[in-house]
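Just below is one structure, and these are the notes that go with it.
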Amino acid sequence: MKAFLLAGLSAVILGACASTPPPAATRSPEAILAESVTFRIIPMEEILASEPRFAPGGDAKAYVASYLDWLAAPGHLMERSAMFTGGPPPGLPDDADFEGILMALASEGHTAAMLMNEGDDIDSLVGLADKGDPTAKLAIEMTNISVGSLQQKVDALAWFRSQAPTNKDAAFALGTTLLSQASGGDGMDGMMGAFGGAATPGEVREGAAMLVEVARAAPLDVMVQIGTLMSMHAGVDTAVDKHARNILELVVSSTKAEAVPQPDFSSLEDPDVYARYEAQMMALNSAVESRIGLADMLREGLGGAADMERAKTLYREALIAAQDYRAYEALAAMGVDVSEYDSLFMGPADGGDDWWDLEPEGDVPDAPEPAPAPN
């Protein structure tokens, strides 16, 4: 969903850049983290309140231009990028040629249209950035901080730090980058660790401070990302832990861990049905991730007092709603009887039902003896 905004964050290499100090004019991470903050989830209605609307009989081209400008407004990509799926904007008449309008606007130099039409072309992005387009500049610097040379990384880090105090997109991108660094493991963690190593305590504080500023008012999906990322570094800094726990508490109180009914997959060919199913799965993911993150902190007493019983409740909600293995493992370690879920994670007990169909039916003949080696 945040693919455009976070395209340059997939291989983070910031270890060599960590010694570059923040600009003197900005507040220190410690000062930001020391403040008491009231976090707020921005409802979708508020995000869409300023969205352009197509008036019946209006000019389709003018509407598309204004809609693209709205999507790409500096500081708002974080909250508005989810609105754009590559198809026509809402309300555009069916007989309007959206792709044709997009290409026409791009050919006329409309920067947002050029960005949407040529966003995969690095040379086009550089050209737009050189002309002063802030969204293209953001994309270029994300690429540089991810896969650029050492000097490009240093320069990109300095640029993000200069922009973060007044640009939520830049603050979110850099804060996410800093906290996404890990020390090893599989998948993305292993990739990050191999290139840059785990985030240092200073990087954790700096990244968390940027995300705390963003989380003062942010959409739910962004708030989930921020809370879970900060909780991944729980125990590094008590101030970070306190904010992470408050953010996760807010997300938990704003979501419900409800299992999504198994769909009739043939029905998902209908775009509207698929969109509803995807929204349900995203809501479930938000509920589960926030509950796991908060339960982990409650269990360890990080960011506040330990609360083992509430941690068990949150783990249990995640396990029931999504059969989450982390919740299963945590509850078992806490002495909770979760044997009813054993077959999901450990296979059937002796004599039990073979849920995974691992055992072949009937007699299995012995493997044939290997043929003698030729003379």
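The values are calculated or read from the model by the stated rules, or taken from the named source; none is laboratory data. What you are looking at is a predicted structure, and each value in this text was computed from that prediction instead of being measured. Here the Cβ positions follow ideal geometry from the backbone for every residue, glycine too, while neighbour counts run over all protein chains shown.
Looking at Ala275, Ala257, which one is in contact with an Asp or Glu (Cβ under 7 Å, 6 or more places away or on another chain), at pLDDT below 95 and either surrounded by fewer than 20 Cβ atoms within 10 Å (Cβ to Cβ) or assigned to a loop (DSSP other than H, G, I, E, B) (or both)?
Numbers: Ala275 fails: in contact with an Asp or Glu (Cβ under 7 Å, 6 or more places away or on another chain).
Step by step, each of Ala275, Ala257 is checked, and only Ala257 is in contact with an Asp or Glu (Cβ under 7 Å, 6 or more places away or on another chain), at pLDDT below 95 and either surrounded by fewer than 20 Cβ atoms within 10 Å (Cβ to Cβ) or assigned to a loop (DSSP other than H, G, I, E, B) (or both).
Where residues in the range 278-304 are part of a helix (DSSP H, G or I) and of a type in the set (Gly, Ala, Ser), which of them is surrounded by the fewest Cβ atoms within 10 Å (Cβ to Cβ)?
Ala279
For the range 127-159, what are the residues that are out of contact with any helix residue (DSSP H, G or I) (no Cβ under 6 Å at 6 or more places or on another chain) and free of Cβ contacts under 8 Å to residues at least 60 places away in the same chain?
Residues satisfying the conditions are Gly127, Asp130, Lys131, Gly132, Gly148, Ser149, Gln151, Asp155.
Report every pair of residues separated by at least 6 positions or lying on different chains whose Cβ atoms are under 6 Å apart, first residue within the range 213-237 and charged (D, E, K, R), second assigned to a helix (DSSP H, G or I).
Sorted first by the residue in the range 213-237, then by its partner, the pairs are Glu213/Ala171; Asp237/Arg205.
Please go through the range 136-159 and give me each residue that is out of contact with any Asp or Glu (no Cβ under 6 Å at 6 or more places or on another chain) and either surrounded by fewer than 19 Cβ atoms within 10 Å (Cβ to Cβ) or at pLDDT below 85 (or both), ordered by number.
Hits for the range 136-159 are Thr143, Ser146, Val147, Gly148, Ser149, Leu150, Gln151, Gln152, Val154, Asp155, Ala158.
Which one of Gly197, Gly193, Gly185 is over 18 Å from the mean Cα position of the chain (by Cα), closer than 21 Å to Glu289 by Cα, at pLDDT below 90 and surrounded by fewer than 19 Cβ atoms within 10 Å (Cβ to Cβ)?
On the way: Gly197 fails: closer than 21 Å to Glu289 by Cα; Gly193 fails: closer than 21 Å to Glu289 by Cα.
Only one candidate passes the filter, namely Gly185.
Hey, could you check the range 39-97 for residues that are assigned to a helix (DSSP H, G or I) and acidic (Asp, Glu) and say which is nearest to Asn117 (Cα to Cα)? Break it down stepwise before answering.
So the first thing to find is which residues in the range 39-97 are assigned to a helix (DSSP H, G or I), and the list is 44-48, 60-71, 77-83.
Cutting the leftovers down to acidic (Asp, Glu) gives us 45-46, 69, 79.
Values: Glu45: 28, Glu46: 28, Asp69: 13, Glu79: 20 Å.
Filtering the range 39-97 for residues that are assigned to a helix (DSSP H, G or I) and acidic (Asp, Glu), the one nearest to Asn117 (Cα to Cα) comes out as Asp69.
For the range 25-35, which residues satisfy the criterion of being surrounded by fewer than 17 Cβ atoms within 10 Å (Cβ to Cβ), of a type outside the set (A, V, I, L, M, F, W, C) and part of a helix (DSSP H, G or I)?
Glu30
Okay, residues lined up against (1) within 15 Å of Glu203 (Cα to Cα); (2) of a type in the set (A, V, I, L, M, F, W, C); (3) outside any helix (DSSP H, G or I); (4) under 19 Å from the mean Cα position of the chain (by Cα):
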{"residue": "Asn117", "(1), (2), (3), (4)": "no, no, no, no"}
{"residue": "Ser124", "(1), (2), (3), (4)": "no, no, no, no"}
{"residue": "Asn144", "(1), (2), (3), (4)": "no, no, no, no"}
{"residue": "Ala156", "(1), (2), (3), (4)": "no, yes, no, no"}
{"residue": "Arg161", "(1), (2), (3), (4)": "yes, no, no, no"}
{"residue": "Asp169", "(1), (2), (3), (4)": "no, no, no, yes"}
{"residue": "Phe172", "(1), (2), (3), (4)": "yes, yes, no, yes"}
{"residue": "Thr176", "(1), (2), (3), (4)": "yes, no, no, yes"}
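Only residues that are of a type in the set (A, V, I, L, M, F, W, C) and more than 21 Å from Ala73 (Cβ to Cβ): list them for the range 127-167, please. Working first, answer last.
At the first step, the residues of the range 127-167 found to be of a type in the set (A, V, I, L, M, F, W, C) are 128-129, 136, 138-140, 142, 145, 147, 150, 154, 156-160, 164.
The answer is Ile145, Val147, Leu150, Val154, Ala156, Leu157, Ala158.
Contact list please: Cβ distance under 9 Å, first residue in the range 82-103 and closer than 19 Å to Glu45 by Cα, second residue modelled with pLDDT under 90 and among the basic types (Lys, Arg), pairs at least six apart or on different chains.
Listed pairs, sorted by first residue: Ala82/Lys2.
Could you identify the single residue in Val224, Val212 that is modelled with pLDDT of 90 or more, crowded, with 22+ Cβ neighbours inside 10 Å and in contact with a Ser or Thr (Cβ under 6 Å, 6 or more places away or on another chain)? Show your work before the answer.
Details: Val212 fails: in contact with a Ser or Thr (Cβ under 6 Å, 6 or more places away or on another chain).
Of Val224, Val212, the one residue that is modelled with pLDDT of 90 or more, crowded, with 22+ Cβ neighbours inside 10 Å and in contact with a Ser or Thr (Cβ under 6 Å, 6 or more places away or on another chain) is Val224.
Of everything in the range 258-295, what is of a type in the set (D, E, K, R) and touching a Phe, Trp or Tyr at 6+ places or on another chain (Cβ under 9 Å)? Give them in sequence order.
To start, the set of residues in the range 258-295 that are of a type in the set (D, E, K, R) comprises 258, 264, 269-270, 272, 276, 278, 289, 291.
Hit for the range 258-295 is Arg291, nothing else.
Exactly one of these conditions fails for Met83: (1) at pLDDT 85 or above; (2) out of contact with any His (no Cβ under 9 Å at 6 or more places or on another chain). Give me its number.
In the conditions (1) at pLDDT 85 or above; (2) out of contact with any His (no Cβ under 9 Å at 6 or more places or on another chain), Met83 misses (1) alone.
Which one of the conditions (1) closer than 23 Å to Pro219 by Cα; (2) without any contact (Cβ under 8 Å) to a residue 40 or more places away in the chain does Leu77 fail to meet, given that it meets all the rest?
All conditions pass for Leu77, except number (2).
To keep it simple, each residue is scored yes or no on (1) closer than 14 Å to Ser290 by Cα; (2) within 18 Å of the chain's Cα centre (by Cα).
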{"site": "Val212", "(1), (2)": "no, yes"}
{"site": "Met223", "(1), (2)": "yes, yes"}
{"site": "Gly235", "(1), (2)": "no, no"}
{"site": "Val251", "(1), (2)": "yes, yes"}
{"site": "Ala259", "(1), (2)": "no, no"}
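Under the condition of being in contact (Cβ under 8 Å) with a residue 60 or more places away in the chain and crowded, with 18+ Cβ neighbours inside 10 Å, which residue from the range 36-74 is nearest to the chain's Cα centre (by Cα)?
The initial filter retains those residues of the range 36-74 that are in contact (Cβ under 8 Å) with a residue 60 or more places away in the chain, namely 37-42, 44, 47, 72, 74.
Next cut, crowded, with 18+ Cβ neighbours inside 10 Å only: 39, 41, 72.
Details: Phe39: 18, Ile41: 16, Ala72: 19 Å.
Filtering first and then ranking leaves Ile41.
Looking for whichever is of a type in the set (Lys, Arg) and touching a helix residue (DSSP H, G or I) at 6+ places or on another chain (Cβ under 8 Å) here; the options are Arg276, Arg299. Which one fits? If you could, list the steps in order and put the result at the bottom.
Working: Arg276 fails: touching a helix residue (DSSP H, G or I) at 6+ places or on another chain (Cβ under 8 Å).
Result: Arg299 is the single residue among Arg276, Arg299 that is of a type in the set (Lys, Arg) and touching a helix residue (DSSP H, G or I) at 6+ places or on another chain (Cβ under 8 Å).
Can you name the number of the only condition in (1) closer than 23 Å to Leu344 by Cβ; (2) surrounded by 17 or more Cβ atoms within 10 Å (Cβ to Cβ) that Gly207 fails?
Status for Gly207: all satisfied but (1).
For residues that are among the charged types (D, E, K, R) and closer than 12 Å to Thr228 by Cβ, tally how many sit in the range 271-299.
Here is the first cut: in the range 271-299, the ones among the charged types (D, E, K, R) are 272, 276, 278, 289, 291, 296, 299.
Checking the rest, the ones that are also closer than 12 Å to Thr228 by Cβ come to 289, 291, 296.
Going through the range 271-299 one residue at a time, the tally reaches 3.
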